[in-house]
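In what follows, a single structure is set out as C-alpha cells and then discussed.
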Amino acid sequence: MPLFFSRSTALLASAAAAVAYLPAAAHAQTRSFSIPAQSASTGIRTFAQQAGVQVIAASRDTEGRTTNAVQGELDIRAALDQLLAGTDLTVRSFNGKVAILGALPDQATTEAAEAIVVTGSRIGRPELESAMPISVLSFDEAAAVGRTDAYDVLRRSPVISAGNGMYEEHYRSADIGLAAINLRNMGTNRSLTLVDGRRRVSGTAASSAVDINMIPPAMIDRIEVVTGGAAAIYGADAVTGAVNIITRTDIEGFNVDAYQGISKYGDAPETVVSLATGGEFDNGRGSFSFGGSYRRADFVAKKDRPFTQNRLFYLPNPDNTGPSDGIPDNGLNRNYFSFFTGDKPGFYIPDNQTFYWYADGELKIAQYDKNWGPPGEFSNGEGANDPSMRNFEQFEPLRNAQESYSFIADVDYEIADGITYNARLDYGRTLADGADNYYREDSRAIFNLGHGSAVARLDNPYMPANVRDLLTSFDLDSIHIDRFYVNFPMIGNHHDRESLTVYQDLSGTIGSSLNWGIFYQYGRTTDDITITNVPRSSRWLAASDVVANPVTGTPECRDAEARAAGCVPYDIFSYRTPLTAEQTAWILYDRHSRRDNDQQIVGAGLNGTLINLPAGDLSFALGAEHRRESATTTEDPLALSGEVANGATITAQQPIDASMNVTEAYGELVIPIVRDRPFFRRLEVEGAYRYSDYSSFGSTHTWKVGGTWSPVDGVTIRGVRSRSVRAPNFGELYAPISVGVSSSFNDPCLKSNYNLTPTRAANCAALGVPPLDFYFDGIEIISGGNPDLEPETSNSTTIGLVLQPRFIRGFDLTVDYWDIRIENIITSYSALQMAQFCVDLPDIDNLFCGNMKRGADGIPETISTQLVNAASMEARGVDVGLNYGFPLGAGDLDLNFVGSILLERETQAIPEMTSSIVKYAGGYTDPRFRGSLLINYTIDDFTLSADTRFISASKYDPNVGEEYYEINDVPAKVYNDLAVSYAIDDGMRIGAGVKNVFNVFPPALPGLYAGGGGRYDTMGRYFFTRVGFKF
C-alpha cells in the first residue's frame, strides 16, 4: 500500500474521531460580493462566480424575475438569501458547494422545486433540462414506504432489473452479501455505479459491480438514474447507463432514525438504525459531516413460506406423443421428488430396477405417486410413499441473512481564499450468511474425488441384516448409499465483506468563471469466505467404510493408514443420531478463501464558462484520470485438491491475480444556440468525448452528441446519440477454467424434443444421436474466463418529449424512446443453449457443436460454456415519467409515476443467422411493462403514502410454441404498500406501514415460485415502524 494512502488514512481517521467533539452549526464561508440588482438569470450566474459555488435553477423559474444587489464581505449562505429576498425564489438545498433553487410552490411546478444536478453530465443543469433522460429517486420518500437501503430503493424503479442482492442470491453464490445494480436486465457489468459522481472499486473479483450495501442509508440523499450510454462522461461500464448515489453533506444537528419490520408469518425481522450529524469549525473555514448505519436482516428459508413447500419442476411429459398432438411436450411436476435425495439411507438395485429405503429396521421399496420417466437410480416422480422424501430445497434461502455497519466522514477546509481541501473516508462491513443445506451425495463420480458416494459392504458391521440379505440375493457385495445426511450439521456459507474508500481533493476558482480540482482516491474491498462443515472426501470415505475389529469385534475404519491417523468410524445407516465430537473433528472441515480488489485513481478537472453568448453561457468540462485496478483471489488448498470440493454442490474457485492500468482524458461542451425567439424558447446542443488507453488491450474512443429544443414554453424535445465501450473485467478475462457437473438438462435430442423441427431431427441424426430417453448422467460443464476477449461496443439513441404546461401547475410528463445495440457482446451460453444452437442451426458445422462432446450413446459428456465475444444484443423501449402535485382539500396531493415499456430485447449469436436469435422481451425476465406509482397526501404534519408496483403478464419462455410447456403464461402481479407518518414536532417523526398489503404470492412456475431471482416478492405481507429524532 502506498505511503500516500497511509498518511491519508491517518488524517481522515483523526478527522472522523474528532466529529463527536465539534459543535453543530451550518456550513459557513465568507466571500467578497459586488453584485448589482439585475435579471435573475444574470444575477444568479454572477453570484455563483463570485461565491465560487455552483447554483442550479430552472430557466423557467428565473424568467421575468429580478434579483437584489449584494455588496460587501458576507457569508455565502447569507449573501444568497439576500440575493433572493422577495423574488419568490427559494433555496431548496445547499451543501456548501452546490445550491439548488426553485420557485415557491404557488409560483412554479413541482419540477422546479425538485431541480437537481444531473448525473449524465459534468456540467450541472436541472433534471428536466438535460438532454439525457434522468430519473430521480428520493431516499426519504422511499424510506417512508419501508425501503431501507440504496438497493431496496432502486428495486422500485422499472428500469432496474434483478441484479445481486439478498433476495436474488443463490445460497452457494460467491457474491453473497453483495448488492449490485442491473440496468434494463442487460447485466451488472454494463451498469456503472457512482457515488457522488465518482467511480468505486468493485465489490467482487468476478465482475466490475460496485457493492452499494456499503453506503450507509443515513447519508443517502437521492439516487439519480441515467438511462442511456454514459461512457463518454464517466468511462467504461456505462453502456446501459449510470446510477449515481448522492450523499448528504449539509447536515444540521444530530439526527437518529430507526426502522423495524416483521412479516405476517412472524419471521424475516429487519432492523436499521442510523445517525447523522454535521457542523463547522475554525470560525466557518471548515465544515464536516458524519453519518453511519447499522442494519440486520434475518434468514428466511423456502420451508418458511406456503408457496415454496413443494418443488416445482418442468420435465419431459411422459404422455407426449409428438409434435402438434395437443399434449404439452414438458409437463409441470407440482411436487417433484427424486429417490436419491431422501433423508434416509437409500440405494438402487439395477437387476430389479428398484430403489430401496432403510429406516427403523424396515426395508421399504420407494414409490412415487406418479412416475415421470423410466425407472432408475436417478428417476423422477411426483409425490412419494415416505415422509422422509421432501423438497430438498426447503432449507435454501428466500432471503439471505445480513448484518452490516457503514459510515461516511467528510471534512472541508478553506486553506486559502478560493482554495478548499476536502477529505473523506467511507467504510462498510457486511456479514452475510447463506445457509446451505445438509450434505448429500449419490453414486456419481462427481462426488468424493471420483469415488462417488459412501459404499456399504457386506462385512460392514453396521449393515442391517435385511439389507445384507437383499444384496446377497442379487449376488452383490456392496452398494452405494444415496442420501441427505440430516444428522450432520448444515453446511454454511459465510461472507465477511469490507470496503474502504479514502478520497482527497483540492479545488478552487480561476477568475470568476472557472473551477478547477485535483483528486486522489484509494479503494479496497475484501471478502473472507468460510464454508463450514464440509466433509473431507478421503476422511469421509475412510470413516464410512467400516469393518469389525478381528479381536474385539468393535467397528473400526477399514483403511489401516486412516486408523493410524485417527479415523473414527461412522454408521452410514444411522440418520437420527448426531455426529459425535470425535466424528465431527475427523470428518468435517471449515473451508477458507479470500477475494481482494484494489483501485487507485488520480485525476484533475477544469470546468466553467468559456464565453457568454447571447443565448447563455457556453459551458465546458475537461479532465484527465489515471486508474489502476487489481484483483486477487486465494482458495483453500484442500478445495483446490478436491478434498473439500466436488462437481455437484461445492465447487472450488481457482485463484486470480491480475491488474490493469487505464489512462483517460475527456471533454464536454454545452452550447446555447437560441433563446427566447419564436419557436425557439431554448435550443442547446452538447457533445462529449473520452479517450481511454488500457494496458490490457489498447485504446478506445467514446462520444456523445445531443441537444434540447423548446419550441414553446412548457414543451421540450430532447435527444442523444452516444457510443460507449465496455472493457472486459478481471473475472471475464482471467477467471481460470473450471469444470463442474450438471446432472441433466432438457436435451434437444430427447424423444420429446427430437422432431420439433425437421432441422433439429436432421442435425441430431447427423451427430449420430438417436431419440434419447430422459437421463440423469453427470455432464461436465467447462466454464471460465477468456484472456482473448475484446471490448464491447455500444451505440445508443434516446429521443424524448418533456411537457410542463403552464395551465397545469405542478405537472410534468416525460416520454423517452431508447434504443441500445451492443456489438461483440461478452457472454456465455448455457449448456442447454449450446445444445439447442448446435442442432437448430442449418447444419452441425458451427462453433456450438464444436464445444460439445457426446458419448457413443449420444448423451453429452462435456459442454464448454466459456466466455466468448458473441455477435450482438439489442434492446429498445419507451420510458414514461409523470409528476403532479396540487392542493386537495385541506392538504396537498403528490403523484409520481414511472413506467417502462419494453419493445424488444434479444441476442444474436451468429450475424445474419436469424435461427441464432434468442428473444427475451415478453419473457418473465423482461416483461413488456413495469411501472410504479407513489402517492403522498399531506395535511399539516400528517402524511399518508401509497406505493403501487405493477409487473405485466409474460411468457415463461418467449422462444417456444404454446405446446412446449404445460403452462407458458406468467400472470401479471400488482404489489401495494401503505404507510403513514406524523411529525410530532420539529425534532421527532414517527411512522408505520405495510408492504405487500394483499400478501401476493409469486407465480407458481419453476424458477419463479421462489421469487424468480428477486423479481417477485417472497416475504409476503410485511409490517414496519419508523421513528426519527433530531437534536
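See the values below:
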read-out	value
Qualifying strands (runs of 3 or more DSSP E) (wholly inside the range 726-826; at least 3 residues being among the charged types (D, E, K, R))	811-823
Pair list, Cβ < 8 Å and 6+ apart or interchain, from the range 216-245 residues that are on the phi > 0 side of the Ramachandran plot to residues that are assigned to a helix (DSSP H, G or I) and of a type in the set (K, R)	D237/R190
Meets criteria (buried (at least 18 other Cβ atoms within 10 Å of the Cβ) and closer than 24 Å to E790 by Cβ) for Y666	yes
Residue count, the range 731-751 (criterion: out of contact with any helix residue (DSSP H, G or I) (no Cβ under 7 Å at 6 or more places or on another chain) and either under 30 Å from D676 (Cα atoms) or modelled with pLDDT of 85 or more (or both))	4
Count of the range 141-198 residues which are farther than 18 Å from R222 by Cβ and more than 14 Å from the chain's Cα centre (by Cα)	2
Residue list for the range 605-620, restricted to those being surrounded by fewer than 20 Cβ atoms within 10 Å (Cβ to Cβ) and either assigned to a helix (DSSP H, G or I) or not polar (S, T, N, Q) (or both)	G605, L606, L610, I611, L613, P614, A615, G616, D617, L618, F620
Qualifying residue in the range 751-758 (condition: within 30 Å of V670 (Cα to Cα) and either free of Cβ contacts under 8 Å to residues at least 60 places away in the same chain or of a type in the set (D, E) (or both))	no
Verdict on G511 being surrounded by fewer than 19 Cβ atoms within 10 Å (Cβ to Cβ) and either closer than 30 Å to E396 by Cα or at pLDDT 95 or above (or both)	no
Counted residues, the range 517-548 - those being of a type outside the set (S, T, Y), over 29 Å from the mean Cα position of the chain (by Cα) and crowded, with 18+ Cβ neighbours inside 10 Å	9
Some residue of the range 953-967 being acidic (D, E), under 30 Å from Y937 (Cβ atoms) and surrounded by fewer than 21 Cβ atoms within 10 Å (Cβ to Cβ)	no
All positions within the range 26-48 that are over 30 Å from F1031 (Cβ atoms), modelled with pLDDT under 85 and part of a strand (DSSP E or B)	R31, S32, Q38, S39
Scope the range 287-301; condition surrounded by 22 or more Cβ atoms within 10 Å (Cβ to Cβ) and either free of Cβ contacts under 8 Å to residues at least 40 places away in the same chain or touching a helix residue (DSSP H, G or I) at 6+ places or on another chain (Cβ under 7 Å) (or both); matching residues	F288, F290, G291, S293
Residues satisfying the stated conditions in the range 347-381, i.e. hydrophobic (A, V, I, L, M, F, W, C), in contact with a Ser or Thr (Cβ under 7 Å, 6 or more places away or on another chain) and closer than 28 Å to K751 by Cα	F378
Meets criteria (at negative phi and of a type outside the set (G, A, S)) for R190	yes
Pairs with Cβ under 6 Å, 6+ apart, first in the range 455-479 and assigned by the TED database to the domain that holds L363, second of a type in the set (S, T, Y)	V455/S478; R457/S478; V467/Y358
Qualifying position, being under 30 Å from G279 (Cα atoms) and either of a type outside the set (S, T, Y) or at pLDDT 95 or above (or both), among A423, A435, A445	A423
Residue that is in contact with a Lys or Arg (Cβ under 7 Å, 6 or more places away or on another chain), at pLDDT below 95 and not in a strand (DSSP E or B), where the choices are A652, A639, A648	A639
Identity of the residue in the range 433-455, over 36 Å from the mean Cα position of the chain (by Cα) and buried (at least 21 other Cβ atoms within 10 Å of the Cβ), that ends up nearest to G642 (Cα to Cα)	S453
In the range 655-695, the residues that are part of a strand (DSSP E or B) and among the hydroxyl-bearing types (S, T, Y)	S659, T663, Y666, Y689, Y691, S692, Y694
Residues of the range 226-254 satisfying the condition of being assigned to a strand (DSSP E or B) and either surrounded by fewer than 20 Cβ atoms within 10 Å (Cβ to Cβ) or at pLDDT below 90 (or both)	V226, A242, F254
Candidates I601, I572 - the one that is β-branched (V, I, T), buried (at least 19 other Cβ atoms within 10 Å of the Cβ) and part of a strand (DSSP E or B)	I601
Candidate set: the range 856-876, residues that are modelled with pLDDT under 85 and small (G, A, S); chosen: the one surrounded by the most Cβ atoms within 10 Å (Cβ to Cβ)	A870
Residue in the range 309-345 that is nearest to P464 (Cα to Cα), counting only those that are more than 40 Å from the chain's Cα centre (by Cα) and either part of a strand (DSSP E or B) or hydroxyl-bearing (S, T, Y) (or both)	T321
Among (1) under 30 Å from E441 (Cα atoms); (2) surrounded by fewer than 21 Cβ atoms within 10 Å (Cβ to Cβ); (3) touching a Lys or Arg at 6+ places or on another chain (Cβ under 8 Å) - the single one M660 does not satisfy	(1)
Failed condition for V551, given (1) farther than 27 Å from R483 by Cβ; (2) surrounded by 20 or more Cβ atoms within 10 Å (Cβ to Cβ); (3) among the aliphatic types (A, V, I, L, M); (4) out of contact with any strand residue (DSSP E or B) (no Cβ under 6 Å at 6 or more places or on another chain)	(2)
Residue in the range 704-727 that is exposed (fewer than 15 other Cβ atoms within 10 Å of the Cβ) and more than 30 Å from L813 (Cβ to Cβ) present	no
Some residue of the range 696-717 being part of a strand (DSSP E or B) and free of Cβ contacts under 8 Å to residues at least 12 places away in the same chain	yes
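Table: residues versus (1) surrounded by 21 or more Cβ atoms within 10 Å (Cβ to Cβ); (2) touching a Phe, Trp or Tyr at 6+ places or on another chain (Cβ under 6 Å).
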position	(1), (2)
N380	yes, yes
R390	no, no
S406	yes, no
V411	yes, yes
Y421	no, yes
L425	yes, no
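This table checks each residue for (1) assigned to a strand (DSSP E or B); (2) in the same structural domain as R726 (by the TED database).
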{"residue": "D843", "(1), (2)": "no, no"}
{"residue": "C849", "(1), (2)": "no, no"}
{"residue": "K853", "(1), (2)": "yes, no"}
{"residue": "D857", "(1), (2)": "no, no"}
{"residue": "A875", "(1), (2)": "yes, yes"}
{"residue": "D879", "(1), (2)": "yes, yes"}
{"residue": "N883", "(1), (2)": "yes, yes"}
{"residue": "P887", "(1), (2)": "yes, yes"}
{"residue": "D892", "(1), (2)": "yes, yes"}
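The values are calculated or read from the model by the stated rules, or taken from the named source; none is laboratory data. It should be emphasised that the depicted structure is a prediction, and the values quoted were computed from it without experimental measurement. Heads up, the Cβs are rebuilt from the backbone with ideal geometry, glycines too, and the neighbour counts pull from every protein chain shown.
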